[in-house]
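Remarks on the structure that follows.
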There are 2 protein chains.
Amino acid sequence: MSAALPGVALKRAVSRRKSIIMVIAKVWQLVRRPEGEPTVEDFLCVEEELPACSEGDSLLILEPDAPDWFSSSVSEIGSSLTVSNADDFTHVLVEAVALSIDPYMRYKARQIPLNTPMFGSQVAKVVESKNPELPVGTHLVHYEGWRTYTVLTSQHLKDKEHFGVMCLPEMGDLPKSLGIGILGMPGNTAYFGFLDICKPKAGDVVLVNGAAGAVGSAVVQIAKLKGCRVIAFAGSDEKVAWVKELGADHAFNYKTMNIGEALSKVAPKGVNIYFDNVGGKFTAQALPHMADYGVVSLCGAISTYNEEVDIGVPSLRSPFNEGTVIWKQLHIEGFLVFRWKARWMEGLKQLREWIEQGKLKYKETVFQGFEKMPSAFIGLFHGENTGKTVVVP
Amino acid sequence: MSAALPGVALKRAVSRRKSIIMVIAKVWQLVRRPEGEPTVEDFLCVEEELPACSEGDSLLILEPDAPDWFSSSVSEIGSSLTVSNADDFTHVLVEAVALSIDPYMRYKARQIPLNTPMFGSQVAKVVESKNPELPVGTHLVHYEGWRTYTVLTSQHLKDKEHFGVMCLPEMGDLPKSLGIGILGMPGNTAYFGFLDICKPKAGDVVLVNGAAGAVGSAVVQIAKLKGCRVIAFAGSDEKVAWVKELGADHAFNYKTMNIGEALSKVAPKGVNIYFDNVGGKFTAQALPHMADYGVVSLCGAISTYNEEVDIGVPSLRSPFNEGTVIWKQLHIEGFLVFRWKARWMEGLKQLREWIEQGKLKYKETVFQGFEKMPSAFIGLFHGENTGKTVVVP
């Protein structure tokens, strides 16, 4: 591994000698545990020489058409690619096409070992392959982190639960980057997290925050498709205007509008479904406005991600007031979208159909340049994005 | 209404003139909003002359055998009985046999108007009746509050949701007081709140706190009947011993045992089902020990009832850490038992069967004397009860 060269433009070195391929990947490592809001100094860009592989290795088999096509594999979270010997892996070298920037990565920054690649997914293109199932040019999504090049090995298909390597769904002329957006994890998060947990009925009053985000903007539209009345909150007047374009019946800028007052006005009979991306103070204000038997689909809590309280540590700082939860008989459910991996294609297929029918719109906030990964990530906590944030290296 | 006579023994004055019946009821009113833990000074015992009724009034019809036999009626919460004219009601005079003392009453003390009867249920016996469906001697349960005598009117069958008048189920030689205990609201709270919300499977690890209480002790036993492994917490060594007798696999005194350490030891793979009666700090300690996809049936939160935070007021003091709820994909559900009123008899029938088979045990903590109502109630917050708290006037 070479010295750190943050901000330096990508260099690729591919040499062929007796079928040996070598590539220098750029990798953003997490080098310091963020305290509060992450800073660029928490990350370091390094170069990594990818392990070479020789001819005759066993093939890496991905099964894009199998019903449970989403493989149940993942590399050790945050670990860098290390392969003890050539027999252990098959050469599928992929190059990042679009890297995903997501709020959940703030949690990963608490969990992964320091000085290992920052966790994340990307759309990548196969650039070297001996696998007939994955010829050069194939696009796929993997979770190997903030890196420009990756060698995927058979290790990635073993013994892991949440993340894996998957082929992109058929998406026609749509941008490949949607495979980490509306036709990927965020899209399915909206689709399943709203439909499966909230079980909306026509006429239900639905509250969505972070409504101009990758997930929230999809939830607004899916709720409208299901005949719900949608109250949306976002963080700027421009975002609010877009959310109204998407069909929200009411949209507010939470920075200039009191949440409780707004809900009193537009949901006097209470909110039946609350799709929560924000948590914290927003939820504290919203919870008293839930209707009896209301459902809270707890997708995220971005307003709390920079707090000290960690997952699995006892705390008494959450907004889910027990008296309110009991007397309103609320159902609160947290989820990770990978619980629906067996139904992954169902969601993507429906989402694509809605896009083609003009019923589902999306936006991307695109950062050009791999060196922008940390700043794009930090921008999430300032609401700099509209729709999905993507870095194109 | 006569002057207040707290603590004075009950006097009954019944006179018959042209079928006019008059009764002096003793009534505990809430006269001050409790601040923190309730005190006896928050309550005042007054005498109330019940309204007279004349012959020929229409009959009050209760339908104990109807499928939805639990009437959807209730008097205005906490209001005293006032009837504008004799045509509005039918004479069914009932006398309290056993009065219920329940933690939820602390919430009611925030809600009901001051200087009105304290909210609560009781087993009562019909002492005067012109209703052939309810002859003298019939036992029923009503929610008219902390009072010795009550005239039930047709008003009680109109337009109200949660509480009503109901006949006692058939209970053979069992004590009538069980109609407000294991064969009443607390029994069904355990039955439905555990089975319907938690959907236990054999082998599930179940955590129950308040496990020596009216509800908790039933949940411990129902969980064992369903093949679960039960971890129980109670507030004294005597209670812990009883909970072990009931079949709990592990039982701890939360006052002398660290909750997190105990759970690490006996539930290293996590808790699948948490039936919570206590809330607050207990839950903060327990939540990190939930297994993925765990269910929290939020029945009560007695440890928080004396806090300032009220239902429907925004707060950030709950233990349901959002990161933990999301990443463990927890399902948290608050409930009021009256959501199952259409299935009320199903629960009572099964509970009675288990009692008769010796599979379900119960205890009552009985206070003798109507004057003990406030002190029995206050005692709940010191864990003075084992099983159901009842006042026999």
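Of the listed pairs B:LYS349/B:LYS372; A:LYS199/B:LYS328; A:LYS108/A:LYS349, which have alpha-carbon separations greater than 25 Å here?
Table pairs above 25 Å Cα-Cα are B:LYS349/B:LYS372; A:LYS108/A:LYS349.
Write down, largest first, the equivalent ellipsoid semi-axes of region B:251-334 in whole Å, where each equals the square root of 5 times an eigenvalue of the alpha-carbon gyration tensor.
Here the semi-axes work out to 21, 17, 10 Å.
Accessible area lost on pairing B with A, both sides, 1.4 Å probe, Å² to nearest 100?
For chain B against chain A, roughly 4000 Å² becomes buried.
Can you give the relative contact order of region B:316-393 as a percent, counting alpha carbon pairs under 8 Å and 6+ residues apart?
Across region B:316-393, relative contact order equals 26 percent.
Give the distance, in whole Å, between the Cα centre of region B:275-293 and the Cα centre of region A:310-328.
10
Work out the mean other chain Cβ neighbour count within 10 Å for the residues of A:305-312 and drop it here as an integer.
Neighbouring Cβ atoms belonging to other protein chains average 4 per residue here.
Once neighbouring chains are kept in place and the probe is 1.4 Å, which whole percent of the accessible area of region A:300-393 is contributed by carbon and sulfur?
Reported share for carbon and sulfur atoms: 50 percent.
Just tell me how shielded A:330-342 is by partners: mean number of partner chain Cβ atoms within 10 Å of each residue's Cβ, no decimals.
That average works out to 5.
Using only atoms on other chains, find how many Cβ atoms lie within 10 Å of each Cβ of peptide B:105-111 and report the average.
So the per-residue partner count for this stretch is 1.
Applying a 10 Å radius around every beta-carbon, put B:269-275, B:140-146 in order of their mean neighbour count, most first.
Ranking, from highest mean packing down: B:140-146, B:269-275.
Considering just Cα atoms, how many Å³ per residue does the convex hull of region B:103-224 enclose?
Once divided by residue count, the hull of region B:103-224 is 152 Å³.
Quick one: grab the alpha carbon gyration tensor of region A:184-297, order the square roots of its eigenvalues as a ≥ b ≥ c, and give me rounded if a/c is under 1.5, else prolate or oblate depending on whether a/b is larger than b/c.
Judged from the Cα gyration tensor, region A:184-297 comes out rounded (a/c under 1.5).
Pairs of Cα atoms under 8 Å, at least six residues apart: use those to get the relative contact order of region B:97-247, whole percent.
15
For region A:120-144 and region A:187-252, what is the separation of their C-alpha centers, rounded to whole Å?
Going from one Cα centre to the other spans 33 Å.
What relative contact order, as a whole-number percentage, does region B:196-329 give when Cα pairs under 8 Å and 6 or more residues apart are counted?
Answer for region B:196-329 is 22 percent.
Could you pull the accessible area for A:LYS349 with a 1.4 Å probe, rounded to 10 Å²?
140
At a 1.4 Å probe, what is the % contribution of carbon and sulfur to the accessible area of region A:165-212?
Carbon and sulfur: 53 percent of the exposed surface of region A:165-212.
Rounded, prolate or oblate for region B:321-376? Axes are the square roots of the Cα gyration tensor eigenvalues, ordered a ≥ b ≥ c, and the cut-off for rounded is a/c under 1.5.
Cα axes put region B:321-376 in the oblate bin.
Per Stokes-Einstein, at 10 °C and 1.306 mPa s, what whole-number D in µm² s⁻¹ belongs to region B:199-250, with the Kirkwood radius over Cα pairs as the hydrodynamic radius?
153
Counting only heavy atoms of the protein chains, get the accessible area per residue of region A:195-280 (1.4 Å probe) and round it to a whole Å² value.
With all protein chains present, region A:195-280 gives 37 Å² per residue.
Over region B:311-393, with the other protein chains present, what is the accessible area per residue in square angstrom, probe 1.4 angstrom?
38
The values are calculated or read from the model by the stated rules, or taken from the named source; none is laboratory data. As the structure is a computational prediction, the values presented were derived from the model and not from experiment. Here the Cβ is made from the backbone with ideal geometry for all residues, glycine too, and neighbour counts use every protein chain on show. For the accessible areas, the whole protein counts, side chains as well, though only heavy atoms, and no ligand, DNA or RNA atoms are used. Shrake-Rupley method; radii C 1.70, N 1.55, O 1.52, S 1.80 Å.
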